[in-house]
Amino acid sequence: MNDATPGAAPLIGNPHYDPPMGPLVIVYEDADLLVVDKPAGLLAQAGMRPELRDCLEARAQEYCPGAKMVHRLDRDTSGLLMLAKNRKAHRHLGLQFERRHLGKTYKAVVWGVMDQDSGLVDAPLAGDWPNRPMQKICHETGRTAQTEWEVIGRTDTTSRLSLNPLTGRTHQLRVHLASIGFPIWGDVLYAPPEAAAPRLHLHAEELRIRHPDGGAHMILRAECPF
């Protein structure tokens with residue numbers, strides 16, 4: 001969900017990669033799982049160039065050698081990222097993502113005041129190859145993508161949303177919201193200049209999974225920082 005090609009996204013809007021420093025914020029840990037709260041501005045995985053090697057996965061592996069990412073977030077998205085500590089857990093969790101046997105909730109602030117209280121964006125997405133890493137809606141070659149949204153607050157210029165992605169396409173939330181006229185506040189790829197902000201206002205707040213050892217239901221949360 002919201003994955004950018006490693007190393008590509010920092011070249012758009014912010015050519016200088018200056019990731020935030022500080023210790024890992026561990027949300028949950030056991031023998032199989034390591035769940036952390038990624039800060040905005042830090043790559044989930046390393047890019048190809050040496051200056052893009054610092055990333056969440058590398059920092060996590062310093063703490064727990066062998067930990068492997070199960071999914072990704074965009075560099076500028078904050079929130080929950082899950083790593084598996086062993087091969088069995090990685091396979092089990094990967095299948096949950098692949099088969100959509102889990103739930104994800106994001107918080108976002110979008111530019112503009114929405115009249116409706118909730119809705120569904122159902123629009124297929126494909127890579128916009130001349131403008132990598134951007135994505136676009138394409139009804140000819142795009143893959144199915146669906147996003148449920150609900151307004152949970154409004155100001156004079158913005159709306160605060162709870163988002164439930166039913167699929168996990170690259171940049172899905174960002175493209176879908178921009179396509180209905182409400183880009184995410186601070187999005188350097190899909191929002192107009194008047195929606196500029198110090199950060200992208202998108203946060204992965206909740207994951208609902210089954211534990212890879214025994215299948216118990218788990219709800220993991222990381223408080224939204226904005």
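Computed quantities for the displayed model
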quantity	calculated
Matching strands (runs of 3 or more DSSP E) fully within region 113-226 where at least 2 residues are within 29 Å of His16 (Cβ to Cβ) and out of contact with any Leu (no Cβ under 9 Å at 6 or more places or on another chain)	125-127
Residue selected from region 61-90 under the condition among the charged types (D, E, K, R) and free of Cβ contacts under 8 Å to residues at least 60 places away in the same chain, by the criterion nearest to Pro193 (Cα to Cα)	Lys68
Asp117 acidic (Asp, Glu), surrounded by fewer than 22 Cβ atoms within 10 Å (Cβ to Cβ) and within 30 Å of Thr155 (Cα to Cα)	yes
Search result, residues across region 130-185 that are in contact with a His (Cβ under 9 Å, 6 or more places away or on another chain), buried (at least 21 other Cβ atoms within 10 Å of the Cβ), in contact (Cβ under 8 Å) with a residue 60 or more places away in the chain and farther than 14 Å from Lys104 by Cβ	Pro133, Ile184, Trp185
Where a residue in region 28-52 is touching a residue at least 60 places away in the same chain (Cβ under 8 Å) and its partner, wherever it lies, is charged (D, E, K, R) and outside any loop (DSSP other than H, G, I, E, B), with Cβ under 8 Å and at least six apart	Asp32/Lys88; Val35/Glu29
Filtered residues of region 74-88 (kept if surrounded by fewer than 23 Cβ atoms within 10 Å (Cβ to Cβ) and either in contact with a helix residue (DSSP H, G or I) (Cβ under 6 Å, 6 or more places away or on another chain) or modelled with pLDDT under 95 (or both))	Ala84
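The values are calculated or read from the model by the stated rules, or taken from the named source; none is laboratory data. This structure is a prediction, so every number in the text was calculated from the model and none was measured. With ideal geometry, Cβ positions are generated from the backbone for all residues, glycine too; neighbour counts draw on all protein chains shown.
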